[in-house]
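K.L.:
I have a structure here, written as structure tokens, and I will follow up with some questions on it.
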2 protein chains.
Amino acid sequence: MYCLVKFAPLFLAVAVCNGWLFGDFVGKLKELDEISLWPLPQKFQSSAVAFKLSPARFQIVQAKQSSTGPSCSILENAFRRYFEYIFGDLKKPEKSRKKVYDSDLVELQVWVTSPDPECDGFPSLQTDESYELSVDEPSAVLKAANVWGALRGNSSKIKTSIFSSQQNNINKTDISDFPRFAHRGILLDSSRHFLPLKVILANLEAMAMNKFNVFHWHIVDDHSFPYMSRTFPELSQKGAYHPFTHVYTPSDVKMVIEFARMRGIRVIPEFDTPGHTESWGNGQLVDLLHDMYSSLKSCFLRPCFHSTYRSCRESNPDIQKFMVQQGFGTDYSKLESFYIQRLLDIVAATKKGYMVWQEVFDNGVKLKDDTVVEVWMGNKMEEELQNVTGAGFTTILSAPWYLDYISYGQDWQHYYKVEPLNFPGTDAQKKLVIGGEACLWGEYVDATNLTPRLWPRASAVAERLWSDKSVTDVDNAYNRLVQHRCRMVKRGIPAEPLFVGHCRQEYKGL
Amino acid sequence: MYCLVKFAPLFLAVAVCNGWLFGDFVGKLKELDEISLWPLPQKFQSSAVAFKLSPARFQIVQAKQSSTGPSCSILENAFRRYFEYIFGDLKKPEKSRKKVYDSDLVELQVWVTSPDPECDGFPSLQTDESYELSVDEPSAVLKAANVWGALRGNSSKIKTSIFSSQQNNINKTDISDFPRFAHRGILLDSSRHFLPLKVILANLEAMAMNKFNVFHWHIVDDHSFPYMSRTFPELSQKGAYHPFTHVYTPSDVKMVIEFARMRGIRVIPEFDTPGHTESWGNGQLVDLLHDMYSSLKSCFLRPCFHSTYRSCRESNPDIQKFMVQQGFGTDYSKLESFYIQRLLDIVAATKKGYMVWQEVFDNGVKLKDDTVVEVWMGNKMEEELQNVTGAGFTTILSAPWYLDYISYGQDWQHYYKVEPLNFPGTDAQKKLVIGGEACLWGEYVDATNLTPRLWPRASAVAERLWSDKSVTDVDNAYNRLVQHRCRMVKRGIPAEPLFVGHCRQEYKGL
């Protein structure tokens, strides 16, 4: 006599779900695939016509016209990765199957158009990541100027094929896509807590799924120095949490860089340049920088004046004497500027680029024209963006995306709603904002909780930095992100849930 | 010329760490072991004298005087578990070793004193969990009235032996211990998100390490009904997220109960009793309760009036008619009370105990004298404790321990600082508060993030409920909890870090 319909919503939900899982859904495909793409492509057209993908027949190949060849291992590697992901455990040809689909899709041709496909290169800020994907019978064609665009296209292609009834079909699709911002980064911190290699690699995989292209590796800091330098091995011997188990060997670093390269991701390691390296003399500092640059390609430098420095500077007679000599009086900011300036002069002499945190700009240090300034302070973000770009510097934004700050509920929506160019400035100034970063600082994060804390919250930042400015519908984003998150879970990445619900395949680990 | 001592704190930290890891530390053992116990025993005495534990010689045995025998599998199981944990991968006898320690400890004798050791029993609210542990040469003795106390003592013993230089030694110790509160629970929610069995079992393991003794299993709710009832299989067939992959079979439930029993943990499943079961008639409701009780021993009943109910009750003519018949007018609270009362009458007839959330008490429903009321609302917690105990009901507290609410920083300290008996009432009233529960509701939690979100935050609740009221020093707790958390990590449980630092063995999973 009471509420007979209490369970009705559940029954309905199950019915809908069963429809997706087992039913005839060709008519639903268009809608379904549209909502499952993340980040949303710039241009996207999909039809209800669906093609069957059979693991026995389907192959990913390089197009005949492509400037790449079989030796382009970055592509061959990606083909294997994506094939495995699409077909999963399905190893055997299907013996009998119903003819449900319009026809079969037999191959994906990957066509790299530029004379230099960059197979052995590294992605850079100038990399053209655009691609065009056309899914039609009998072949799909993925066209890109270079391997990096091809990687981005592959990542989209698998998304169009994953959330369908048997998982092995794909609907007629045309995608023309490119990123809104060139720098789309994730900062991880391996100093406050050591991050085992496995965790870093898994997160590079997740980054690729979200079209991130920069791994900002906050590799060392006051707390520990796990980077094993060939030039100065004593830094990690004495500075790491443990000299054997809590370090990154040169081979580890090399592996991270190559693993990232295979996914179109640049690694930008950040080096604390502690005051005491001065005691080694400039020659040695150049050696250290050379060591970093040669193995690491590019570098984020952090002139570092922390509490330990502040507590000692006033009691150190050498510092006091130097202050007097230079006529700084008691103005320690002059001392810091002096140090930073000398450091950057040394770096400039190596003729490599560098990035700095906003304080270096704020302190009036003279920077090279091509310096990238990272705006991270949340309180006067818009004013800072105005000032930094007004001074003509290239800028990336991380202030609204400190993902180590957690709270109850769907905070991904806050990250999603940020508009990076929403500050007063000319068009020329806006163009200087080349992207942003989601930062996961390590005070409360290590291998135990890093991955579920980062994903899918960072995915919100990924779409903001890739998709068009007009893509701002939070409800639509929620529906797509729920599915995108389940794709990550399916791939073994423990991305946490957005809200109540389930994935067809739940996380299998602990 | 700059800050030469910048790295000094790091060097010092490493030196201290190396001292622990490699150095001569016998003199430090007492201090070290004292700080590593969690939850802190009621009485504890330790000496600097240390004994060597050799995996080749050491054994855990039942004392000759013990009322248990070789067939007491709950003990034999625990012996194996703890032996493996203490010695880990060390399988081979050590060929040569330096004589550093006073002497060897060759065995731990476990002595169960009660004529009925309860080897095949289940822990209950009345269970005596006290134990005495004396570590001295040549034998350590663990004395307890029954197997449950023996389990608690084993858990303490391994803690005294883990954080030492070679991991395989133990210092002279006397512990006399018992819990402050009898009910120390963890609530997990498998309805909002399905929790794979593996995750539940891993968390039972973590619970045992923290001396929790109740698993409050919020097994079903509006969102999904994963409990596969033998009597009413359609409930999970239609109500689970997926009828095959997202359900708990009777065998699963049996395994959870047995796995928990082996660790001295009671399983209290919570059943939503939706209004529409009324439509089956009382006979069938009794059948369902019988099914639950027979397989599940005890039960937490939740008369359930949620939004779906509220939205339908006003549009359902049967309900409207019934309201008029009973003379309820438009007072729906009378309708709810009527339903709850009938439900509890049925339960009472089964002559089993039950627990209810505080609303049932607040709504003036007549409860059996032995009903346990759970106080969970945070706003008027002290008043509610006063009222519920004032009415003579046994009470457990969860209001301050909703661990699904997360925030940045060390929120475990808030949980730790709670004093459950800090409400106005007589001594008799205080005695009615039999414990508490840490609740991890599932809106934002599933297998991807449950374990690091629960631990070690729940450990704070564990110590509050086990240790003496006077154990309130947060700094001391921090130092012990850091080590306790590393013990969990070592055991494969991804307990998240409290703050910057490291474990000797970091988490190996993802």
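K.L.:
What FRET efficiency would be calculated for the residue pair A:Asp104, B:Leu201, taking the C-beta separation as r and a Förster radius of 45 Å, to the nearest 0.05?
P.N.:
The calculated FRET efficiency here is 0.55.
K.L.:
So, one more: Can you list the distances in nanometres, one decimal and ascending, from the B:Ala348 label point to the identical position in each other copy, with the point 7 Å along Cα to Cβ?
P.N.:
8.8
K.L.:
Something else: Before I look further, what does the range A:408-467 give for accessible area per residue, probe 1.4 Å, in whole square angstrom?
P.N.:
27
K.L.:
Ok, one more. Run the label-point distances for A:Asp369 please: 7 Å along Cα to Cβ, every other copy, nanometres, shortest first.
P.N.:
9.1
K.L.:
Moving on. For the range B:182-231, with all protein chains present and a 1.4 Å probe, just round the carbon and sulfur fraction of the accessible area to a whole percent.
P.N.:
On the range B:182-231, the fraction of accessible area on carbon and sulfur atoms equals 61 percent.
K.L.:
OK, next. Sort shortest first the distances from B:Ser124 to its counterpart in every other copy, using label points 7 Å along the Cα-to-beta-carbon line, and give them in nm.
P.N.:
For B:Ser124, the inter-copy label distances come out at 7.7 nm.
K.L.:
Right, here's the next one. Considering Cα pairs under 8 angstrom that are at least six residues apart, work out the relative contact order of the range A:403-500 and quote it in whole percent.
P.N.:
Relative CO of the range A:403-500 lands at 38 percent.
K.L.:
Continuing with the same structure: Long-range amide H contacts for A:Ala438: which residues qualify at under 5 Å (H placed 1.01 Å from N, peptide plane, sequence gap of 5 or more or a different chain)?
P.N.:
A:Gly185, A:Ile186, A:Leu187
K.L.:
Any idea of the total accessible area buried by the A-B contact, 1.4 Å probe, rounded to 100 Å²?
P.N.:
Looking at A and B, the buried total is near 7600 Å².
K.L.:
Separation between the A:Ile406 and A:Thr426 pseudo-spin-labels, each 7 Å from Cα along Cα→Cβ, expressed in nm?
P.N.:
Here the modelled spin labels are 4.6 nm apart.
K.L.:
Give me the residues in the range B:441-461 whose solvent-accessible area, probe 1.4 Å, is reduced by at least 10 Å² once all protein chains are included instead of the chain isolated.
P.N.:
B:Glu443, B:Tyr444, B:Asp446, B:Ala447, B:Thr448, B:Asn449, B:Thr451, B:Pro452, B:Arg453
The values are calculated or read from the model by the stated rules, or taken from the named source; none is laboratory data. As the structure is a prediction and not an experimental result, all values here were calculated from the model. Counting neighbours? That spans all protein chains shown, and the Cβs are built from the backbone with ideal geometry, glycine included. To get the accessible areas, we keep the full protein, side chains included, count just its heavy atoms, and leave off ligands, DNA and RNA. Shrake-Rupley method; radii C 1.70, N 1.55, O 1.52, S 1.80 Å.
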